[in-house]
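**Student:** Structure in structure tokens, see below.
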Protein chains: 6
Amino acid sequence: MFRITVRDHIMVAHSFRGEVFGPAQRLHGATFVVDAVFSRPELDADNIVVDIGLATQELGAVLADLNYRNLDETAEFAGINTSTEFLAKVIADRLAARVHAGALGAAARGLTGIAVTLHESHVASAGYERSL
Amino acid sequence: MFRITVRDHIMVAHSFRGEVFGPAQRLHGATFVVDAVFSRPELDADNIVVDIGLATQELGAVLADLNYRNLDETAEFAGINTSTEFLAKVIADRLAARVHAGALGAAARGLTGIAVTLHESHVASAGYERSL
Amino acid sequence: MFRITVRDHIMVAHSFRGEVFGPAQRLHGATFVVDAVFSRPELDADNIVVDIGLATQELGAVLADLNYRNLDETAEFAGINTSTEFLAKVIADRLAARVHAGALGAAARGLTGIAVTLHESHVASAGYERSL
Amino acid sequence: MFRITVRDHIMVAHSFRGEVFGPAQRLHGATFVVDAVFSRPELDADNIVVDIGLATQELGAVLADLNYRNLDETAEFAGINTSTEFLAKVIADRLAARVHAGALGAAARGLTGIAVTLHESHVASAGYERSL
Amino acid sequence: MFRITVRDHIMVAHSFRGEVFGPAQRLHGATFVVDAVFSRPELDADNIVVDIGLATQELGAVLADLNYRNLDETAEFAGINTSTEFLAKVIADRLAARVHAGALGAAARGLTGIAVTLHESHVASAGYERSL
Amino acid sequence: MFRITVRDHIMVAHSFRGEVFGPAQRLHGATFVVDAVFSRPELDADNIVVDIGLATQELGAVLADLNYRNLDETAEFAGINTSTEFLAKVIADRLAARVHAGALGAAARGLTGIAVTLHESHVASAGYERSL
């Protein structure tokens, strides 16, 4: 299996509901350094997994919708705990939709998997992986 | 599949038996920066894999039993080469036992996998992964 | 010159005032991974710069006052752009006050400098250094 | 499953053919920081995955054939886009051949998988994994 | 003293002249992960060292002139060993010129120092620092 | 000012004397990832700070004398707390002696400073810098 990984980041505010979150129930924030991994069993005609330039561009586009925002006031997340692992799935699913829509190029239809990891500090990260 | 990773470290002394280990047969030491990964297919009712605070606390508790020790003089490891990969399994198994005992919360019973990686330098690491 | 560095982190929300900040004028957030460096020309009687345990504990105490907060609603920062570089100075000055108050031990009075760096992402950081 | 990872690097020149590569069609270069992961379900008689010294030595030997070269003028890669993911496979396959040839020791025949990741910058990497 | 650091990277080919360089006398390449540090004793009216967005943009502009090139065929470097430390000075001087030309904003004229570090692998880097 | 940095590591056992060290009074160990920085105001005739190959080789030679040892039983450190900051000075001084002895080449006599940092974990490091 081949894979490529591209990295970008977002800086967001949010809060959590539930005693388990302790002080994180207060409005706070996070930098999420985001790694998006694209995988496939065979390379395409250009000998690559996917155009790394397009992958970086599309990851940037997905993140731009989330960046510099208070997720508590983002309509689509109303009533939802925007945990790191949940956000990893949001980003992975949006990248998957872009792959299916052809935004990463025709050859990207050969991709079989996406994994997204969000590093929230030097000591914690969360991720989600799915097939395409 | 969702996952979260928490990081901590231990500083131990030990030696190895076997020609393959060369100078590492002498008593020496290591800092092991430990990444513990918890995974599950669906998030719990709080929209998380596991309470990251509890995960960090329990990893710390497991590591406290090993930290600042000469593993050569630890009874449970008598006659055993405490290689990095072996220690990764020790830590993973002890974390698994804590999950089963409910130390990471009732919802943590939905966890399906644990992976532990020990970084012993900037150029080497070892790990072990298992199901729950 | 000798120095030691300890690391911890905070997760905060804030916003900026001023066109220069662009989208960061919106309420957003950041993880700041904080490195605190303590320096002195000669080691103390224990052959160290400062007790690394105490240094870590006091850095943690200083950060606890800032962690999991919306800095826009913190009285002491009213009307102030809580830029990364500004926060580095706040933390450095508070650490300096603790050194002077003896919180890092009597021998820590031999410290001559403090530098604080806040890493806000994998591509940006800011810092402040001062004498003691 | 157990695994160990060793790291080394190469510094090469190359160019790509295909519009998708944009400015990378020009002769340029890259440092590839290479992580080689060896895995197996059970440890060997020395309680390890493989001799980390031998693994490091053999990775170094495989990389020496590629290091400080212009890959465009390397006969074996004539007419081939030496993408990061392609090079990951080249290195993984050569390591696999060395395992099969006994270069990593007799016990290394118990290895069941190899994964190679090439980090080409702080924001991009590519990899290939295969069974043994 | 305050400072901010921004990071970007370039991927170039080059070769060296001189026996001291050994195999690096052959045409090879490197990824240089570039950290540019801007410093000043007091913050500006916006409470910052310099607009981090502009700093990132100008670093990108300086690097664009070098990126995806064979430095051996770049007229300005004819007959020059483009060592990592030499390139750090080239980049620092070009950033300094942009500061003086006002490209980083009027307030950036309060900057007093620039330091540039090029990381060429996980085990080597080089840098240059100068006043403004 | 120009500088280059090379990295290597050692794995040692030791213990500390003094209540300030708490559990580190027990025999334990550490991996020290060592960064050695060499600086000078002007480049040499080859356009470099120092031959990075020789610098790496000499750092390796200095570290070989310490590696895979129990520092408590090393005669030269008898009765001394081998703190991270103390070891940084030992390594810096030994590198300085090698520079003065010509081991880093004749041109290395133009070096004016050495700084050594030992990273003992992902959250702590210590260093020493001196002139030449």
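**Student:** To the nearest 20 debye, what is the magnitude of the charge dipole of the protein assembly as shown about its Cα centre, counting +1 on the Cβ of each Lys and Arg and -1 on the Cβ of each Asp and Glu?
**Tutor:** Values: 66 positive and 96 negative charges, 0 e Å.
My answer is approximately 0 debye.
**Student:** Which distances in nm, rounded to one decimal and ordered from shortest, link the label point of residue F:25 to the equivalent label points in the other identical copies, with labels set 7 Å from Cα toward Cβ?
**Tutor:** So the label point of residue F:25 gives 3.5, 4.1, 6.0, 6.0, 7.1 nm to the other copies.
**Student:** While we're looking at this one, here's another question. Between 0 and 90 degrees, rounded to the nearest ten: what's the tilt of helix A:84-100 against the longest Cα principal axis of chain A?
**Tutor:** Rounded to the nearest ten degrees, it is 30.
**Student:** If you restrict to DSSP beta bridges whose two residues both lie in the range C:1-108, what percentage is antiparallel, to the nearest 5?
**Tutor:** Working: 13 of 14 bridges.
Of those bridges, close to 95 percent are antiparallel.
**Student:** What are the nm distances, shortest first, from residue F:73 to its equivalents in the other copies, labels at 7 Å along Cα→Cβ?
**Tutor:** Distances between equivalent label points, in nm: 1.2, 5.3, 6.0, 6.0, 6.5.
**Student:** How many nm separate the modelled label positions at residue B:100 and residue D:130, each set 7 Å beyond the Cα in the direction of the Cβ?
**Tutor:** 3.8
**Student:** Additional query: Quick one: 3J(HN,Hα) in Hz for the range C:38-45, Karplus 6.51/-1.76/1.60 with θ = phi - 60°, rounded, Gly and Pro as x.
**Tutor:** Per residue, the Karplus-derived 3J(HN,Hα) values read 10, 10, 6, x, 9, 6, 7, 5 Hz.
**Student:** With all protein chains present, calculate the accessible area of residue F:5 using a 1.4 Å probe and round the result to the nearest 10 Å².
**Tutor:** Its accessible surface works out to 20 Å², give or take rounding.
**Student:** Carbon-plus-sulfur fraction of the accessible area of chain E, 1.4 Å probe, in percent?
**Tutor:** 50
**Student:** Roughly how far apart, in whole Å, are the Cα centres of the range A:1-61 and the range A:85-132?
**Tutor:** 7
**Student:** Modelled label-to-label distance, residue A:64 and residue A:80, 7 Å Cα→beta-carbon offset: nm?
**Tutor:** 2.1
**Student:** What does the copy distance list look like for residue F:53, label position 7 Å along Cα→Cβ, in nm and ordered from shortest?
**Tutor:** Label point to label point, same position, other copies: 2.5, 3.6, 4.8, 4.8, 5.6 nm.
**Student:** Using +1 on the beta carbon of Lys and Arg, -1 on that of Asp and Glu, and nothing else charged, what's the dipole of the range E:1-78 about the Cα centre, debye to 20? Present the calculation step by step, with values, prior to reporting the outcome.
**Tutor:** Values: 6 positive and 12 negative charges, 72 e Å.
Rounded to the nearest 20 debye, it is 340 debye.
**Student:** Nearest 10 degrees, 0 to 90: what angle lies between the long axis of helix D:52-64 and the longest principal axis of chain D (Cα atoms)?
**Tutor:** Helix D:52-64 sits roughly 20 degrees off the main axis of chain D.
**Student:** Leaving out ligands and nucleic acids, note down the accessible area per residue over the range E:1-49 with a 1.4 angstrom probe, in whole Å².
**Tutor:** 35
**Student:** Chain D: which residue's Cβ hugs the D-to-E rotation axis most tightly, distance rounded to whole Å?
**Tutor:** Whole-Å result, nearest residue of chain D to the axis: D:29, 1.
**Student:** When only Cα pairs under 8 Å and 6 or more residues apart are kept, what is the percent relative contact order across chain F? Numbers along the way, then the final one.
**Tutor:** Working: 247 pairs, mean separation 39.8, N = 132.
Relative contact order here is 30 percent.
**Student:** With a 1.4 Å probe, how much accessible area is buried between chains E and D, both sides summed, in Å² to the nearest hundred? Walk me through the intermediate numbers first.
**Tutor:** Values: alone 7150 and 7140 Å², together 12390 Å².
Chain pair E/D: roughly 1900 Å² of buried accessible area.
**Student:** Then there is this: Hey, any idea what Rg/Rh is for chain B, computing Rh the Kirkwood way over Cα pairs? Write down the numbers at each step before the final one.
**Tutor:** Numbers: Rg = 15.6 Å, Rh = 15.4 Å.
Ratio of gyration radius to Kirkwood radius: 1.02.
The values are calculated or read from the model by the stated rules, or taken from the named source; none is laboratory data. Just so you know, these numbers come straight off a predicted model, no measurement behind them. All Cβ positions, even for glycine, are placed from backbone atoms using ideal geometry, and neighbour counts span all protein chains on display. For the accessible areas, the whole protein counts, side chains as well, though only heavy atoms, and no ligand, DNA or RNA atoms are used. Shrake-Rupley method; radii C 1.70, N 1.55, O 1.52, S 1.80 Å.
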